[in-house]
Amino acid sequence: MLVGLAVIYAIGSVWLAGATDQSLVSGIIEGGVVFVPGDVLKAAAVISLVTGGHLARLSFVE
Ligand SMILES: O=C(O)CCCC[C@@H]1SC[C@@H]2NC(=O)N[C@@H]21
């Protein structure tokens, strides 16, 4: 999950910097860093659900 996010941040930041004619540092900040707090919370929620077995107990998840 963390590796996947890192790949998404890397691709998105480089793309954003190029598409908006910003420096790479600005692209990394606006395309990666600003999303880190929310993504950490989402990852923690998913890890909690999976390790707690809650997803497996839901009837719509086989
Ligand atoms: O098109 C947009 O408005 C921005 C999309 C950004 C998607 C990325 S995926 C990683 C990061 N975490 C999110 O929740 N959104 C951004």
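Where a number appears in this text, it was derived from the coordinates with a stated rule and is not lab data. Fair warning: this is a prediction, and the values are worked out from it, not measured in the lab. Methodologically, a virtual Cβ is constructed for each residue, glycine included, from the backbone with ideal geometry; neighbour enumeration extends over all protein chains shown.
A simple rule links phi to the HN-Hα coupling: the Karplus curve 6.51 cos²θ - 1.76 cosθ + 1.60 with θ = phi - 60°, which for region 6-19 gives 4, 5, 5, 4, 4, 5, x, 5, 5, 4, 4, 4, x, 5 Hz, with x for Gly and Pro. Extending 7 Å from the Cα toward the beta-carbon at both V36 and I11 defines two label points whose distance is 2.2 nm. Positive contributions from Lys and Arg (+1) and negative ones from Asp and Glu (-1), summed over other residues with Cβ under 13 Å from the Cβ of V36, come out at -1.
Using Cα-Cα distances under 8 Å and only pairs 6 or more residues apart, what relative contact order does the chain have, in percent? Don't skip to the end; give the middle numbers.
On the way: 31 pairs, mean separation 14.3, N = 62.
23 percent.
Counting other Cβ atoms within 10 Å, which chymotrypsin sites (Phe, Trp or Tyr not before Pro) in the chain have at most 14 and lie in a DSSP loop?
F60
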